[in-house]
Ligand code: SF4
């Protein structure tokens with residue numbers, strides 16, 4: 001296998017740093033995919049009716065007999081400091097846990113309102129953990145929209161779990177990031193076929209399967225937005241395996257290759273295990289790439305998946321990136337993807353939405369990847385858009401999803417072509 005990097009990648013190019021108004025969802029959004037993944041966890045948002053409304057509308061398409069998230073509403077008297085929010089929180093948690101003995105992990109999730117009134121959810125989690133241990137572990141993280149973007153909710157949640165993981169001296173591989181079960185199973189099957197193991201996952205599907213961590217743990221990230229979790233694991237002595245992210249055939253192969261190298265897997269074994277799924281991925285991408293080839297791409301900063309996706313769309317689908325925006329640029333994490341992204345697009349970090357809209361309007365890209373709030377107005381102006389949030393709600397990692405990933409970007413272009421044709 002030979003992968004040709006570009007003559008000059010984007011790792012060291014100057015970055016346009018912007019600090020202005022931003023158009024993104026808040027970190028509470030992550031609860032929508034985290035609660036599906038962690039089957040005995042409950043996410044209790046301590047927030048306002050706005051927070052409850054966001055969660056309900058984001059999760060509105062799903063119907064559960066017993067949902068695994070809820071909102072403890074802070075009323076005006078709480079916000080005015082007229083009631084003891086801690087007493088009420090303790091009462092609500094006791095009520096919830098007595099009604100739901102299936103809950104093994106409870107996350108108290110902070111919000112803008114709980115931060116404004118400086119409700120100390122860390123202390124609340126410690127207090128409630130002591131009350132409800134050992135059956136339930138109570139942890140806290142924040143999903144507040146102040147200065148955050150929506151994928152940071154998952155990062156904050158996983159980072160909060162790391163200090164509570166048991167210590168170990170075992171040499172183990174840890175996969176970090178909440179993947180849909182079917183995708184996680186595919187990754188585990190490929191690693192197992194190469195003889196790599198034991199492999200643990202963070203988050204685990206159930207509290208009893210939580211991984212341990214220590215100086216002989218090596219970890220591979222499956223999502224590029226896990227900067228705080230990366231830091232927390234490193235503090236526990238674990239070592240990161242840097243690699244491009246497993247999007248597309250090339251990204252998946254390089255990600256697997258980095259892990260295989262760490263575990264001394266031979267080239268022959270690696271090729272034998274990956275040859276068939278690689279061929280399937282190449283074929284599936286090719287069936288979408290005709291639509292994408294030569295089309296220009298402008299990415300607003302939203303999901304933090306932008307740099308690896310730009311690498312995939314330019315190198316495997318033939319797109320031409322004009323601007324690749326990302327809310328945060330963690331070079332330790334994104335360096336291998338930036339190495340492969342050919343120099344040329346503006347790399348921007350952070351957002352000043354009006355200035356960025358001006359650049360997008362001037363560039364008139366064939367495809368704009370952005371948040372929901374920007375997509376409709378840009379569509380009305382004749383630009384073709386893709387909602388960034390779909391990238392975290394849809395299975396897109398590893399070989400078997402590579403064709404679907406390309407299709408997510410090809411579909412809006414096909415739709416626009418049909419609309420234009422119908423106007424003729
Ligand atoms: Fe809105 Fe903040 Fe609640 Fe998110 S956490 S829904 S930004 S109030």
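The values are calculated or read from the model by the stated rules, or taken from the named source; none is laboratory data. Note that the coordinates shown come from a computational prediction; the quantities given were computed from them, not determined experimentally. Positions of Cβ are backbone-derived with ideal geometry, glycine not excepted, and every protein chain shown enters the neighbour counts.
Name the pairs: first residue in region 70-90 and in the same structural domain as residue 106 (by TED's automatic domain parsing) and surrounded by 11 or more Cβ atoms within 10 Å (Cβ to Cβ), second residue at pLDDT 80 or above and in a strand (DSSP E or B), Cβ to Cβ under 6 Å, at least 6 apart or on different chains?
If the second residue must be at pLDDT 80 or above and in a strand (DSSP E or B), the pairs left are 70/44; 71/45; 71/47; 72/44; 72/46.
What's the total number of residues in region 90-122 that are in a helix (DSSP H, G or I) and within 21 Å of residue 154 (Cα to Cα)?
6
For region 262-269, state whether one or more residues are touching a helix residue (DSSP H, G or I) at 6+ places or on another chain (Cβ under 6 Å) and over 23 Å from residue 317 (Cβ atoms).
no
Taking the options 143, 177, 153, name whichever one is in contact with a strand residue (DSSP E or B) (Cβ under 8 Å, 6 or more places away or on another chain) and assigned by TED's automatic domain parsing to the domain that holds residue 119.
143
Evaluate region 131-144: report whether one residue or more is surrounded by fewer than 16 Cβ atoms within 10 Å (Cβ to Cβ), within 16 Å of the ligand (Cβ to nearest atom) and over 27 Å from the mean Cα position of the chain (by Cα).
No, the conditions are met nowhere in region 131-144.
Which of the residues spanning region 361-388 are surrounded by fewer than 21 Cβ atoms within 10 Å (Cβ to Cβ), in contact (Cβ under 8 Å) with a residue 40 or more places away in the chain and under 29 Å from residue 253 (Cα atoms)?
366
Among the numbered criteria (1) part of a loop (DSSP other than H, G, I, E, B); (2) at pLDDT 95 or above; (3) more than 18 Å from residue 212 (Cβ to Cβ), which single criterion is violated by residue 141?
Answer for residue 141: the failing condition is (1).
Between a first residue in region 99-124 that is in the same structural domain as residue 87 (by TED's automatic domain parsing) and free of Cβ contacts under 8 Å to residues at least 24 places away in the same chain and a second residue that is assigned to a strand (DSSP E or B) and crowded, with 18+ Cβ neighbours inside 10 Å, which pairs have beta carbons less than 8 Å apart while being 6 or more apart in sequence or on different chains?
Taking only residues 6 or more apart or on different chains, the pairs are 122/140.
Would you check which residues across region 206-222 are touching a helix residue (DSSP H, G or I) at 6+ places or on another chain (Cβ under 7 Å) and touching a residue at least 60 places away in the same chain (Cβ under 8 Å) and list them?
221
Being surrounded by fewer than 16 Cβ atoms within 10 Å (Cβ to Cβ) and touching a helix residue (DSSP H, G or I) at 6+ places or on another chain (Cβ under 9 Å) is the filter here, so list the residues in region 390-424 that pass it.
The answer is 390, 393, 394, 404, 411, 414, 417.
Take the residues in region 1-32 that are within 16 Å of the ligand (Cβ to nearest atom) and either surrounded by fewer than 16 Cβ atoms within 10 Å (Cβ to Cβ) or not in a loop (DSSP other than H, G, I, E, B) (or both); name whichever of them is farthest from the chain's Cα centre (by Cα).
21
Can you name the residue in region 145-169 that is out of contact with any helix residue (DSSP H, G or I) (no Cβ under 8 Å at 6 or more places or on another chain) and touching a residue at least 24 places away in the same chain (Cβ under 8 Å) and is also nearest to the ligand (Cβ to nearest atom) among such residues?
Filtering region 145-169 for residues that are out of contact with any helix residue (DSSP H, G or I) (no Cβ under 8 Å at 6 or more places or on another chain) and touching a residue at least 24 places away in the same chain (Cβ under 8 Å), the one nearest to the ligand (Cβ to nearest atom) comes out as 160.
Report whether or not residue 279 is more than 18 Å from residue 11 (Cβ to Cβ), outside the structural domain of residue 415 (by TED's automatic domain parsing) and without any contact (Cβ under 8 Å) to a residue 60 or more places away in the chain.
yes
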